[in-house]
Amino acid sequence: MKSKLYLETSIVSYLAARPSRDLVVAAHQQITAEWWEQSRHRFNLYTSELVIQEAGAGDLEAANRRLAFLAGLPSLNIHEKVMILAIALLDARAVPHQAVEDAYHIALAAVHGMDYLLTWNCKHIANATMWSRIGGICRAQGYEPPAIATPEQLQEE
């Protein structure tokens, strides 16, 4: 049985973006494209209404490229349990108050039972210093937190 993987917005943003001249961003784009081509088939991919909203914002042409990667994926919805967990993450400062959407991405993945949350957001989501607090809050609310990873960490060997 395939593991369930939640695609956070940064993944489709890197996939759909024009090649960057910034070396770190360019490397992330390349790693993400390789993961998409070589490894995504190992997982059942999910998106959410929040990812679709974020991916659809901004430049219309770029938004259409981002949304094309999400087309056909099952979408997780935000409901009361997701909101309660997101607020708990924010209240406990497991996620900073200015990163409300990031708390919702984590809550969506946890409440909907995702095995993985795939992201390049290493400031508020894939941040090892915050992981124990995030995991503790999720468990205290009755949810097993997803493993949070970047595409580089989930590539096939």
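The criterion of being under 27 Å from residue 17 (Cβ atoms), at pLDDT 95 or above, in contact with a Gly (Cβ under 7 Å, 6 or more places away or on another chain) and not aromatic (Phe, Trp, Tyr) holds for residue 67. Could you please let me know if residue 30 is at pLDDT 95 or above, on the phi < 0 side of the Ramachandran plot, more than 14 Å from the chain's Cα centre (by Cα) and surrounded by fewer than 22 Cβ atoms within 10 Å (Cβ to Cβ)? Spelling it out, residue 30 is indeed at pLDDT 95 or above, on the phi < 0 side of the Ramachandran plot, more than 14 Å from the chain's Cα centre (by Cα) and surrounded by fewer than 22 Cβ atoms within 10 Å (Cβ to Cβ).
Anything in the range 102-142 that is closer than 20 Å to residue 45 by Cβ and of a type outside the set (A, V, I, L, M)? List them, or say none. Result: 102, 104, 105, 112, 113, 115, 116, 119, 120, 121. For the range 81-122, taking the residues that are among the aliphatic types (A, V, I, L, M), in contact with a helix residue (DSSP H, G or I) (Cβ under 6 Å, 6 or more places away or on another chain) and outside any helix (DSSP H, G or I), the one that is farthest from residue 154 (Cα to Cα) is identified as 92.
Has the range 39-56 got at least one residue that is of a type in the set (Asp, Glu) and over 14 Å from the mean Cα position of the chain (by Cα)? No.
Being within 22 Å of residue 108 (Cβ to Cβ) and not aromatic (Phe, Trp, Tyr) is a property that residue 33 lacks.
Pairing each residue of the range 41-62 that is surrounded by 13 or more Cβ atoms within 10 Å (Cβ to Cβ) with any residue that is assigned to a helix (DSSP H, G or I) and among the polar types (S, T, N, Q), provided the two are 6+ apart or on different chains, yields C-beta distances under 7 Å for 51/9; 54/9; 55/9.
Does residue 94 meet the test of being buried (at least 17 other Cβ atoms within 10 Å of the Cβ) and touching a residue at least 40 places away in the same chain (Cβ under 8 Å)? Here the answer is yes, as residue 94 does meet what is asked.
Number of residues in the range 121-147 that are at pLDDT 95 or above, within 13 Å of the chain's Cα centre (by Cα) and among the hydrophobic types (A, V, I, L, M, F, W, C): the value is 1. Between 120, 131, the distinction of being free of Cβ contacts under 8 Å to residues at least 40 places away in the same chain and aromatic (Phe, Trp, Tyr) belongs to 131 only. Quick one: is residue 109 within 18 Å of the chain's Cα centre (by Cα), surrounded by 19 or more Cβ atoms within 10 Å (Cβ to Cβ), aliphatic (A, V, I, L, M) and within 16 Å of residue 150 (Cβ to Cβ)? Spelling it out, residue 109 is indeed within 18 Å of the chain's Cα centre (by Cα), surrounded by 19 or more Cβ atoms within 10 Å (Cβ to Cβ), aliphatic (A, V, I, L, M) and within 16 Å of residue 150 (Cβ to Cβ). When residue 125 is tested against (1) surrounded by 13 or more Cβ atoms within 10 Å (Cβ to Cβ); (2) in a helix (DSSP H, G or I), only condition (2) is not met.
The values are calculated or read from the model by the stated rules, or taken from the named source; none is laboratory data. Because the structure is predicted, anything quoted here is derived from the model rather than measured. Cβ sites come from the backbone with ideal geometry, for glycine too, and all protein chains shown count toward neighbours.
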